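Mind looking over this structure? Questions follow.
The values are calculated or read from the model by the stated rules, or taken from the named source; none is laboratory data. Nothing here was measured: the structure is a model prediction, and the numbers come from that model. All Cβ positions, even for glycine, are placed from backbone atoms using ideal geometry, and neighbour counts span all protein chains on display. The accessibility values were calculated without ligands, DNA or RNA, using every heavy atom of the protein model including side chains. Shrake-Rupley method; radii C 1.70, N 1.55, O 1.52, S 1.80 Å.
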Amino acid sequence: MTAEVAPQPHAHAPTGEGYLTHERGLKSWLFTLDHKRIGLMYLGSVLLAFLLGGIMALLVRAELLFPGETLMEADTYNQVFTLHGAIMVFLFIIPSIPAALGNFFLPIMLGTKDVAFPRLNLGSFYIYCLGAIVAIVAIVIGHVDTGWTFYTPYSARADSSVIWMTSGAFILGFSSILTGVNFIATVHKMRAPGLHWKRLPLFIWGMYATSVIQVLATPVLAITLFLLMMEKTLTVGIFDPALGGDPVLFQHFFWFYSHPAVYIMILPGMAIVNEVIATFSHRKIFGYMFVAMSSISLALVGFLVWGHHMFTAGMSEYATMVFSALTFLVAIPSGVKVFNWVATLYQGSISFKSPMLYSLGFIALFTIGGLTGLFLGILSVDIHLHDTYFVVAHFHYVMVGGTVFGFVSGLHYWWPKMTGKMYSEKLARVAFVFVFVGFNVTFFSQFVLGSQGMPRRYYDYLDQFQPLHMTSSGGAFILGFGFLIMLFMFVKSLVSGEKAPPNPWSSAGYEWMTTTPIHPHNFAEPPVMTRGPYDYHLCTEEELFPGFPEDFKPSEKAAKA
Amino acid sequence: MDENNLPEGTLQLPPQWSTLAPEVDEMYYFIYWVSVAFTVVIFAAMIYFMWKYRRRPGLKAKPTGHSTALEIGWTFAPLILLVVLFHQGFTGYVRGAVAPEDSIEVRVRGMQWNWEFEHRGGVIDDLNYLRVPVNTPVRLIMSSSDVLHSFFVPAFRVKRDVVPGMYSTLWFEATQETPDIQCESDADCPEGLWCGNTPPGGEARECVLPIFCAEYCGAPRGITASAFDEGGRNTNHSTMMGDLKVITQAEYDEFIELGPPPPASCQGRDDINECWGEQIHQSYCVACHSVDGATQAPAPNWKGLFGNQRQFVDGSSATADENYIRQSILQPQSQIVQGYNNVNMPPFRFSDRQLDAIIAYMRSLNE
């Protein structure tokens, strides 16, 4: 067969308007029930939050270029790092992949028209907006300098805008819960015919595990923040010892949510890496069922290890022992994922397009982030490293090197499907080099800072730490510059990008079977899944390489030549 | 102390000054090399596969097989390593958690943003300054009067949160005295030491081990640099640092008997007591008591106070002599001067030598 006659997948789909253009006007967006449009609105919001949080990060790093005052006074610095943490965690990372990319692709990958409860989906977006507005009001009117963890009794005694900020997080939590409920129902009830559990794309498995945590853990955050508000407004003694409360209780409550939340953040990143590695290696993920179950077991074990944030906080030695032992269990499913990803590359056909670069970057950085987690699980070593820059470096390797790299990988991967436009691969690769190098310079130096004893959340520091702080700040600016290039690249794509083919990466994934631009109902006719999403050996070349040049195709003829 | 024989740090870890440190470091380097091994193997496999199976014309991916043996293997094999890591870490932790029975005890009070240390017999060390004897286990009993703090000495590899409403403890045994070196900046000090807090006199800093506050505790508005306030106190979380001085047992015994010695900047001067008294005033008293003879708020001005006749709220009166001053410091509520009913000065505990110095300084203000 030749390229000219290669049929588009689902050539019978109507060539009518895509989901972006079939209705127009502001109202068609604000009242849309289409999960794709809601996903895009989420995407815009989380990217805005990422920009804000990123600016805060650069302010923090700029202040730390030199000891003493560089840009701002101590109190301002404390507010800036608090906002960096709070914005990045609550407004960006937690909703980033599930609410934006998950919302967009979960129904498509299930071969269905929409999520189970479209109105609830729109509702959770508006709840997110409300939460974000309340949080931003707190920033504008007030003085929030507690750190994103809101530890008592400091937060109980601080300015009243802490109430606003925690109310914001409280409201955002409900958005998260509703999205989780929606996804669980959708995965259980709305799968296309032929799409049984063993064919479920690993992205869906990841989203499913994430949703379970969102539904089970987020209410605890709501309870905690509610108690904090009660304490502040009604002076009921719950956490503040001056009122008869227990400050360590707050830490238990807080981490009971926030540790599982770490998996709300990382599981979706891993989920995207599964898709990208499979597509760009042209191979089913090695050990599919083990990878799927590792997501579920991470979600479950994640509930049992919150105490490892509190090894120096004054728990009993017995509790400390149990939490340390359970913490090591987390390493097992994490290791299983990494090993299986690497094994997937073996005997694949690996293409190094920009989404793949970010996913390979994810594996490398997550490996470092995960192994440094072992340092912190070992009790005697954690005592030294706790609350130092070592911890800061560790969680940035997991949250940025992991989740953000996964998110960016997914954004590059699905961009042509979402927007119908291609982007400049060259610019994307240049941005990747800056982001990858900048990230490592920024955070690798922080491992050494921390093991040498530099505590976190310090406005000022000893002279001996200055060279490493300066290195770290330098890296942060490289990283920031990389993201600027990426922003330019995506904007350029929107303005003048080439029209994207329906399957630019020659993927066997279900989401690539539909047309580009995507039909408002995802598929013109409800699809029937006759093969798994990674069954490359069952796909025809025409399915995988629509419109690709002949010599690109690994056909039998070319193989002989 | 021999300055050429101090412990040295490594690229990753600061020098070891406690009996716990070698064990912690051994564990650190064990997990470090395990991590390096894993990283090298994973990265090498990745890079090799990336090169070997790069997409090129004619190369077709082989369908993924599956190997349950391999999956089970790499699921459970790491478990053995993890059990070892947990066990080693836990035994090390228990050793650090249980203080030896012959430990001496020091009471530590954290407050925004200073450390106060009280030794046995009620001897209070200089603010943010902790003396401990070498080769003796020391147990700290810590509390906070406001928010969370955390007592952290990197050179000892110890850290413990200091929590309001409860006591927390930690112990250490220093293995070496800190050298007596005067300094102007951290660069003058050997590795692992810092040029300590500025004494109230503003001179003669010395190289000591840093004590950090590792739990975020905030900052007031309007603090721009790592400055101290007028009383020589620290002003925010990042400057809530203490000086840790390791001394010989004999020096420690003398310190317990006599209280803190006069600051180095006053030693050798003819007016050593007046100089010392002025520094104590700067550390503890200046916030309420002026010495310029003008302002009288919130507490009596010291200039012209000594030898003055004092009228108390109960109608009695007394001359401000040495005994009056001593009692006013140790038990301020016992005799309240008219007009100062609402001041509520807290009792201070000073050694006899410190009280002498304060009285000498007060007398010198009248000259």
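Across the range B:68-83, in residue order, what do the Karplus-derived ³J(HN,Hα) couplings come to in whole Hz, using 6.51 cos²θ - 1.76 cosθ + 1.60 with θ = phi - 60° and x for Gly and Pro?
For the range B:68-83, the Karplus curve yields 5, 4, 4, 4, 4, x, 7, 7, 9, 4, x, 4, 4, 4, 5, 5 Hz.
Oh, and also: Considering the Cα trace of the protein assembly as shown, what is its radius of gyration and what is Dmax, both in angstroms?
31.9, 116
Also: Quick check: pseudo-label points 7 Å beyond the Cα along Cα→Cβ at A:T233 and B:S67, how many nm apart are they?
Spacing of the two 7 Å Cα→Cβ label points: 6.1 nm.
What percent antiparallel are the DSSP beta bridges of the protein assembly as shown, to the nearest 5?
Beta bridges within the protein assembly as shown, antiparallel portion: roughly 70 percent.
Same structure again: Got a sec? Which residues in the range A:288-315 would a label at A:L216 touch, if it sits 7 Å along Cα→Cβ and we count backbone N under 14 Å?
Inside the label zone: A:294-306.
What's the center-to-center distance, using Cα atoms, between the range A:142-169 and the range B:119-162 in Å?
Their Cα centres are 29 Å away from one another.
Continuing with this model, one more query. Run the quick spin-label model on B:N135 and A:K189: label points 7 Å from Cα toward the beta carbon, then report their separation in nm to one decimal.
So the label points at B:N135 and A:K189 sit 7.7 nm apart.
Could you give the dipole magnitude of chain B about its Cα centre, charging the beta-carbon of Lys and Arg +1 and that of Asp and Glu -1, in debye to the nearest 20?
Taking the Cα centre of chain B as origin, the dipole is about 2580 debye.
Relative to the Cα centre, what is the charge dipole magnitude of the range A:48-198, using +1 at the beta carbon of each Lys and Arg, -1 at the beta carbon of each Asp and Glu, and rounding to the nearest 20 debye?
Computed charge dipole of the range A:48-198: roughly 1020 debye.
Less than 19 Å apart at the alpha-carbon level, and either on another chain or at least 8 residues along: which lysines does that give for A:K353?
A:K284, A:K417, A:K421, A:K426, A:K492, A:K499, A:K553, B:K52, B:K60
Assuming 0.36 nm per residue, please report the length gained on full extension of the stretch B:N308 to B:E101 beyond their Cα-Cα distance.
69.4 nm
Here's a follow-up. Determine the gain in length on full extension of the stretch A:L26-A:L48; use 0.36 nm per residue of separation and subtract their C-alpha separation, reporting nm with one decimal.
6.0 nm
If you count only protein heavy atoms with a 1.4 Å probe, what accessible area per residue comes out for chain A, rounded to a whole Å²?
Accessible surface, normalised per residue, equals 32 Å².
Mind listing the lone cysteines of the protein assembly as shown, meaning no other Cys beta-carbon sits under 4.7 Å from theirs?
For the protein assembly as shown, the answer is A:C129, A:C539, B:C213, B:C217, B:C285, B:C288, because their Cβ atoms have no other cysteine Cβ under 4.7 Å.
For the protein assembly as shown, with the dipole built from +1 on Lys and Arg beta-carbon atoms and -1 on Asp and Glu ones, taken about the Cα centre, which of B:T235, B:A204, B:H281 lies farthest toward the positive end?
Of the listed residues, the answer is B:T235.
Using the Kyte-Doolittle scale, which helices in chain A average at least 0.0 and also have C-alpha atoms spread 27 Å or more along the helix axis, with helices defined as whole DSSP H runs?
What comes out of the filter, once short or polar helices are dropped, is A:35-63, A:118-141, A:161-189, A:202-234, A:247-281, A:317-345, A:354-377, A:425-451, A:466-496.
Evaluate the relative contact order of the range B:257-367 (contact order divided by residue number), counting alpha-carbon pairs under 8 angstrom at least 6 apart; express in whole percent.
With pairs under 8 Å counted, the relative contact order is 34 percent.
Using the alpha-carbon atoms, what tilt in degrees (0 to 90, nearest 10) does helix B:352-365 show relative to the longest principal axis of chain B?
60
Okay, moving on. What percentage of the solvent-accessible surface of the range B:228-280, computed with a 1.4 Å probe over protein heavy atoms, is contributed by carbon and sulfur atoms?
45
Oh, and also: Leaving out ligands, DNA and RNA but keeping every protein chain, what accessible area does A:L249 have, in Å² rounded to the nearest 10, with a 1.4 Å probe?
We get 70 Å² for A:L249.
Given a 1.4 angstrom probe, I'd like the percentage of the accessible area of chain A that is carbon and sulfur, rounded to a whole number.
71
Follow-up question, since we're still on this one. Hey, what number do you get for chain A at 222 nm if only DSSP H runs of n ≥ 4 count, each worth -39500 (n - 2.57), divided across all residues, to the nearest 500?
Helix contribution divided over all residues of chain A: -21000 deg cm²/dmol.
What residues from the range B:248-274 fall in the zone where the backbone N is under 20 Å from a label point 7 Å along the Cα-to-C-beta line of B:R120?
Flagged as within label range: B:248-261.
Tell me, what is the percent relative contact order of the range A:38-551, built from C-alpha pairs under 8 Å that lie six or more residues apart?
This gives 17 percent for the range A:38-551.
Give a quick list of GluC sites (Glu not before Pro) in the range B:78-176 that DSSP marks as loop, anything other than H, G, I, E or B, with at most 10 other Cβ atoms within 10 Å.
B:E101
Let me ask something else about it. Order the following by accessible area, largest value first: B:D126, A:D145. Probe radius 1.4 Å; ligands, DNA and RNA are ignored.
The ranking, largest first, comes out as B:D126, A:D145.
Which net charge results when you count Lys and Arg as +1 and Asp and Glu as -1 among the other residues whose beta-carbon is under 15 Å from that of A:T186?
Residues close to A:T186 contribute a combined charge of +2.
Right, something else. Enter the Cα centre distance for the pair the range A:443-485 and the range A:379-424, rounded to the nearest angstrom.
17
Taking all protein chains together and a probe of 1.4 Å, list A:K492, A:K113 from the most accessible to the least accessible.
Accessible-area ranking of A:K492, A:K113, largest first: A:K113, A:K492.
Shifting gears a bit: Sort out for me the Cα centre separation of the range A:187-265 from the range B:334-348, rounded to whole Å.
Between the Cα centre of the range A:187-265 and that of the range B:334-348, the gap is 52 Å.
Something else about it: If the cut-off is 12 Å between C-alpha atoms, which aspartates and glutamates fall inside it for A:K189, apart from same-chain ones fewer than 8 positions away?
A:D114
In the Gaussian network model of chain B, springs joining C-alpha atoms below 10 Å, which of B:Y129, B:Y29, B:Y167 carries the largest mean-square fluctuation?
The residue that fluctuates most here is B:Y29.
Now a separate question. Roughly how big is chain A's charge dipole about its Cα centre, with Cβ charges of +1 (Lys, Arg) and -1 (Asp, Glu), in debye to the nearest 20?
Using only the charged Cβ atoms, the result is roughly 1260 debye.
Return the FRET efficiency for the residue pair A:F117, B:E367: r is the Cβ-Cβ distance, R0 is 60 Å, and the value is rounded to the nearest 0.05.
0.10
Continuing with the same structure: For chain B, modelled as a GNM with alpha-carbon contacts under 10 angstrom, which of B:S168, B:S334, B:S238 fluctuates the most?
Answer for the Gaussian network model of chain B: B:S334.
With every protein chain kept in the model, how would you rank B:K303, A:K421 by accessible area, 1.4 Å probe, largest at the top?
Largest accessible area first, the residues go B:K303, A:K421.
Pop a pseudo-label 7 angstrom from the Cα along the beta-carbon direction at both A:R157 and B:A250 and give the gap in nm to one decimal.
For A:R157 paired with B:A250, the spin-label model returns 4.4 nm.
Mind checking how much accessible area B and A bury in total, 1.4 Å probe, in Å² rounded to 100?
Chains B and A together bury roughly 8100 Å² of accessible area.
Given the rule -39500 (n - 2.57) for each run of at least 4 DSSP H residues, summed and divided by the residues of chain B, what is its mean residue ellipticity at 222 nm, to the nearest 500 deg cm²/dmol?
Value at 222 nm, helices only: -9500 deg cm²/dmol.
Oh, and also: Multiplying the sequence separation of B:E8 and B:N341 by 0.36 nm and subtracting their Cα-Cα distance, what value in nm do you get?
Result for the pair: 114.3 nm of gain on full extension.
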